[in-house]
Amino acid sequence: QVQLVESGGGLVQAGGSLRLSCAASGPTFSSYAMGWFRQAPGKEREFVTAITWTGGSIDYANSVKGRFTISRDNAENPMYLQMNSLKAEDTAVYYCAAGTSVQRLRAAGVLYWGKGTLVIVSS
């Protein structure tokens, strides 16, 4: 059983930056692709980005390309989401996710979810 715990959310002004972290535990978590989803108030949960176990393949939603960067070190705190040039429309609960591949994660084929961390971007 993989457990995912997010941290780093908070309140930031538009144009600012935040860095989210996802700590994973479990016997086989290192073999999974991992990613981030978000859910804004009144909207469906949507894919943000994902990365393979090796970091060799990364995918981003068009809405965050060039502003967000996903990384992974597979050590104690294996995944990060650096968010720059934040906009009010980035306000959402951000969820860490694990799945079998980047492609499956993009298609919402998630095996494990974290509980989420709230990001609020004030305009």
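Where the second residue is charged (D, E, K, R) and modelled with pLDDT under 90 and the first is more than 13 Å from Val48 (Cα to Cα) and surrounded by 14 or more Cβ atoms within 10 Å (Cβ to Cβ) and lies in segment 74-92, which pairs have Cβ atoms under 6 Å and are six or more apart or on separate chains?
Cβ pairs passing all conditions: Pro78/Arg72; Met79/Arg72.
What's the number of the only condition in (1) at pLDDT below 95; (2) open to solvent by 50 Å² or more (accessible area, probe 1.4 Å) that Arg45 fails to meet?
The failed condition is (1).
Looking at (1) of a type in the set (Lys, Arg); (2) open to solvent by 50 Å² or more (accessible area, probe 1.4 Å); (3) within 14 Å of Trp113 (Cβ to Cβ), which is the one condition that is false for Arg38?
Going through (1) of a type in the set (Lys, Arg); (2) open to solvent by 50 Å² or more (accessible area, probe 1.4 Å); (3) within 14 Å of Trp113 (Cβ to Cβ) one by one, Arg38 breaks only (2).
Which of the residues belonging to segment 26-50 are in a strand (DSSP E or B) and within 19 Å of Ser71 (Cβ to Cβ)?
Scanning segment 26-50 gives Ala33, Met34, Gly35, Trp36, Phe37, Arg38, Phe47, Val48, Thr49, Ala50.
Looking only at segment 51-62, count every residue that is among the small types (Gly, Ala, Ser) and either open to solvent by 60 Å² or more (accessible area, probe 1.4 Å) or under 16 Å from Val5 (Cα atoms) (or both) and tell me the total.
1
The values are calculated or read from the model by the stated rules, or taken from the named source; none is laboratory data. Everything quoted here is computed from the prediction, not taken from an experiment. Neighbour counts run over all protein chains shown; Cβ positions are idealised from the backbone, glycine included. For accessibility, only protein heavy atoms count, side chains too; no ligands or nucleic acids. Shrake-Rupley method; radii C 1.70, N 1.55, O 1.52, S 1.80 Å.
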